[in-house]
Amino acid sequence: MVSSALSKLVIIGVGLIGGSFALALRRTGLVGRVVGIGRSPENMQRALELGIIDEQTDNFSAALSGADFVLLAIPVKQTASVMQQMAPCLEDHTIVSDAGSTKQNVIQAARSNLGKHIERFIPAHPIAGTEFSGAEAAFPELFQNKPVILTPLQENNQQAIDRVTALWQHCGANVSLMQAEQHDQILAAISHLPHMLAFSLMRHIHTLSQTLDQGLVPTPGGGGPMAVLQLAGTSLNDMTRIAASSPEMWRDICLENRAALLAQIEAYQQELSALQQMLANHDGESLQKLFSAARATRQEWTAFRNKS
């Protein structure tokens, strides 16, 4: 594993991902000083109290002076603006990476704003997270045995790619490389679509609760959605856990990857239409075949994850 000691690490966006990255590297002893930049004074103060960062500032010039590595852990919609502010302050040796869930738009922003420094910008996506956000949610084990995808550019310096790879490996992650377009298509299906489904299902239940018989037993807090949700079991909880995620972050991800996501929504609507037709036709045999095939795929995935 490549040695990747950092005298100065800068985290822009000290939330779950950025904070956990800093904590994971701190635990390895690879980081000398961590500087944080963020929008919320309260969150940045909490990051200081938790020992995630040593210093917080909103001054890019001061933050980036002498920086070895910069991680952008921000909503993807903010990427271009942040890069534009960073660009004049970057030193020649500084490596920049990101943690965005979409890659083609991030690369476009980098090419538009980073100039010659594009060779030391390595796009990345750690596929790890929880439904929680902010510095308070960060913990050093977040990336343990989790995938991190790098989508390197033709312009990239190989030494910079190797260093970013090594840093994520020191965090416990499994690093792989792929093309940005392929990344965005795959993540639209396995991450972005599930989040949209979770959000929309919770919205559907909220709307449904307004039309149901008002004779439902109210909760101590009153009626409304809780009159329905108090009856829910673990299946709904498992399916909608990610609906507690940041609306701002997921709004940006969905919009920035909208072409690939629209294609996945259309494909999924076809799956729902097929299910609808099976039900309308009382076609139990087709339903069982579909459920069996889905179950087999899920079991295979579970076995794979248990081996990892």
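Taking the stretch 257-302 as the search range and keeping residues that are under 24 Å from the mean Cα position of the chain (by Cα) and among the small types (Gly, Ala, Ser), which one is nearest to Ala188 (Cα to Cα)?
Ala260
In the stretch 281-298, how many residues are surrounded by fewer than 11 Cβ atoms within 10 Å (Cβ to Cβ) and assigned to a loop (DSSP other than H, G, I, E, B)?
Residues in the stretch 281-298 being surrounded by fewer than 11 Cβ atoms within 10 Å (Cβ to Cβ) and assigned to a loop (DSSP other than H, G, I, E, B): 2 in total.
Taking the stretch 104-126 only, how many residues are under 14 Å from Val164 (Cβ atoms) and in a loop (DSSP other than H, G, I, E, B)?
Of the residues in that region, 1 qualify.
So which of Gly29, Gly66 ends up being without any contact (Cβ under 8 Å) to a residue 60 or more places away in the chain, surrounded by fewer than 21 Cβ atoms within 10 Å (Cβ to Cβ) and closer than 20 Å to Glu141 by Cα?
Details: Gly66 fails: closer than 20 Å to Glu141 by Cα.
Result: Gly29 is the single residue among Gly29, Gly66 that is without any contact (Cβ under 8 Å) to a residue 60 or more places away in the chain, surrounded by fewer than 21 Cβ atoms within 10 Å (Cβ to Cβ) and closer than 20 Å to Glu141 by Cα.
For the stretch 237-264, enumerate the residues that are more than 14 Å from Ser101 (Cα to Cα), among the hydrophobic types (A, V, I, L, M, F, W, C) and in contact (Cβ under 8 Å) with a residue 24 or more places away in the chain.
Matches in the stretch 237-264: Met239, Ile242, Ala243, Ala244, Ala263.
Report, by residue number, each residue of the stretch 31-62 that is among the polar types (S, T, N, Q), within 16 Å of Gly13 (Cβ to Cβ) and not in a loop (DSSP other than H, G, I, E, B).
Selection gives Asn43, Gln45, Gln56.
Just to be sure before I move on: is Ala87 of a type in the set (A, V, I, L, M), loosely packed, with under 14 Cβ neighbours inside 10 Å, in a helix (DSSP H, G or I) and over 22 Å from the mean Cα position of the chain (by Cα) in the structure I sent?
So Ala87 fails the test.
Looking for something exposed (fewer than 15 other Cβ atoms within 10 Å of the Cβ) and either in contact (Cβ under 8 Å) with a residue 12 or more places away in the chain or among the charged types (D, E, K, R) (or both) - is there at least one such residue anywhere in the stretch 13-26? Walk me through it before giving the result.
Filtering the stretch 13-26 down to residues exposed (fewer than 15 other Cβ atoms within 10 Å of the Cβ) leaves none.
So far as the stretch 13-26 goes, no, none of its residues is exposed (fewer than 15 other Cβ atoms within 10 Å of the Cβ) and either in contact (Cβ under 8 Å) with a residue 12 or more places away in the chain or among the charged types (D, E, K, R) (or both).
None of the figures in this text is laboratory data; all of them are computed from the coordinates on show. Quick caveat: nothing in here was measured; it's all calculated off a predicted structure. Cβ: placed from backbone, ideal geometry, glycine included. Neighbour counts: every protein chain shown.
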